[in-house]
Amino acid sequence: MSFYRDKTTAGARSAIAVLVALLVPLCVAQGAKAEDKPALPTFPSQVELITVDSVVVDHGGRPVPGLTKDDFVVKEDGRIQEIATFESFVLEPAEAPSEPPAVASNEPTARSRNGRSFAILVDDVRIPPERTEVARSAVVSFLERSVREGDLVALRTSSGDLSWTARIPEGTEDLIAVLARLRGREIVPQSIDSMSEYEAFQIANREDSPAMAAEGLALPTGGASGRAPGQPPEETGIAGTGLGATKNRVKARWLTALLCVPSNCDSLVRARAMEIDAQRKTRMRTTLQAVRRELEALAFDHGRKSLLLLSDGFLEDYGSELRDVAAASREANTAIYFLDARGLVAQSGFGSASEAVQFALPDAREQTAMRFEDSVLTTAGTETLADATGGFSVHSNDIAAGMERIAKESRVYYLLGFYPPAGKSAREWRTLSVDVKKPGLTVRARRGYTLRAEAEAPRLGKKARPQAGPDPAVARALDSAQDVAGIPLRAMAYVLEPRPKDTVHVLVAAELDASRLEVQSKAGGPVARIDVSVVAVGRDTGHGFRHDDTLDLPMRAGENPGWRAFVREFELPAGVTQVRVVVRDTTSGAVGAVSQRFEVPLAGHLRLSTPILTDRVAPAPSGQAPPRPALAVHRVFAPGGGLYVQFEVFGAARDPRQQVPRVSAGLEFWSGSRLVRKIEPTPVAADPDGRVVRQVGISLAGMEEGPYDLVLDVRDEVAGAGLKHREAFALARAVASR
């Protein structure tokens, strides 16, 4: 996904200033807050509660509800541990709204609390182009058949080309549209001097490594069985896998193909193996970095969380990268599932069932060894990671069935908490086992863990150094699919007038509850400082536009800070867009985040700007014109007052004689199916610049509390066309959100 940082011209800054002036700070006095919940018990910093997310299934693979704390046994390194906390969950589908709200809010709802979170990471850097459709079809099937109302889905690729988040079912169409851009990026070498990744790994890291040979390290087998990811596993016992056997067979193959002569074959094979293995390590690191980034984003989510890695898999390398990712998985309390994009691996020892044999191997013994390498060892690292984090691996031509199984199992789960026993350092691997006392049941839970210090180690393959760009907490919140409620926040996109190069002027307006911010003392008076990041991403292009900055909000002593507002300006192309707004209190570290989806229309069609609905006015910038409606980021107003409405009409035909549009507009208020009030259409005079703007104030007297629809009836009198635009709002005496 590519990003563009907007550069605002002086003229544009002036326009922003006008609109910011209309977005008046909301400093309404608020009543006493609801009584805070009792504080959770705290423990010394060196004692960390370990939470184990467990799924229990019967012999038919069906999740089992209704178990209690006494039904479980947790062991660490073979010793029984006391279960300190226990929670059981049975998730039911949440009721879906009729359509996304105009205003996005991070206020927790029953729907957000009851949903599940699925991060789907398509490892496109390890999937060749010819398997793109297999991966795409599997994910589409998962979205259409397996997820349910209220589930939250984050869809991304390891390359970063795709990134979209949505709640089901209203976001299903967008996620499928994003998948249309999926492309496998791995180029499988076709040259006859090539070798498999496993062969290159063996030659570069074992057979030509004196230190490794002296250690007598065994081959990986796949499946963690409680050992640490990256820890050398036991011997396989497979024929043809002895020390030096891999290099010798490649040399024999090359000699037969006349690619080398006995005097130089060893050095040529070794050099080629080093080159292929270096490329493998780069791709593996890219995949693991993408996995860890998803895990860090999932840490904000609540409830059951699953990361589905759709990949061709990777070898189990001897290093700390897998342990770091496993530690991040525990921090996020997320299970990782590996879905083999190759399907059922071919019996040739190379590629999948759909690929041609690359080499003719007359030796049946060697063919057996290579089949084992291709079907088991080339994905051992991915399988170990899934097994260690409480997930599982799927090797099947029906990948969608495996994904559906993951979704079914995630409906019922248990959270078991215990305190780690002393005796091991933070970086040492601790083996875990979770069992149930009832016969015939199977528990799926993580096989081990390290303590927090492991997850806080430097990022994969990089030395620790100061990070450029947003704070890491802001970056994680930008990646998260979940709303983050550390700071109450709401946002709304106002789609306005056309701009050059087929773009449209869009304002992203946001309001935050400043009473949740910590105050700093400064020479000019007390302030609250916040980091602000706003990112807008096009669904069909993947292009991103971004603002990052820091704001100082004046905080007067003795006054309720109330809600404070800010806006960010974008010039966006037509299409569906998703905007993510993140704020962070630089003093307390609290984070608020919210996402909003909207559509940027094509130019040349009759349309309206996003209507301003507000109960406040602000003076016009010149001080001479009548007051204007103040831009607002809420749709709940007090009954009995006034409602101000403003919108602009675009794309209306011009009168051939007067060369200006002739437009009329009326308003209707509906309460369900009942028409409450109607203002018949009247002409809207164009201003000297030809702009058609309707501004009206309406009394709400006599209208009861409850939800309403405002219907704007606009007619193009020249072209004989018309449109009706609906805006939802509500009247409530206790406007708690303000």
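All of the numbers you see were taken from the coordinates with simple rules; none came from a lab. Note that the structure is a prediction, hence the values are computed from the model and not measured. Note that we place each Cβ from the backbone using ideal geometry, even for glycine, and neighbour counts take in every protein chain shown.
Things to note:
- Rounded if a/c under 1.5, otherwise prolate or oblate - segment 122-191, Cα gyration tensor axes: prolate
- Relative contact order for segment 533-652: 21 percent, from Cα pairs under 8 Å spaced at least 6 residues apart, divided by residue count.
- Relative contact order %, segment 646-738, counting alpha carbon pairs below 8 Å whose residues are six or more apart: 30 percent
- D (Stokes-Einstein, µm²/s), Kirkwood Cα radius, segment 593-738, 1.306 mPa s at 10 °C: 95 µm²/s
- Ranked Asp123, Asp387, Asp687, Asp77, criterion: other C-beta atoms within 10 Å, fewest first: Asp687, Asp77, Asp387, Asp123
- Given charges at Cβ of Lys, Arg, Asp, Glu: segment 604-738 dipole, positive-most of Pro619, Ala665, Leu723: Pro619
- Fully extended contour minus Cα-Cα distance, from Ile679 to Ile698, at 0.36 nm per residue: 5.9 nm
- Restraint check, Lys69/Lys281; Lys281/Lys437; Lys281/Lys424; Lys75/Lys305, Cα-Cα greater than 32 Å: Lys69/Lys281; Lys281/Lys437
- Pairwise FRET efficiency - Arg365 versus Asn264, Cβ, R0 = 35 Å, nearest 0.05: 0.85
- Part-to-part distance (alpha-carbon centres) for segment 553-570 and segment 119-133, which is given in Å: 45 Å
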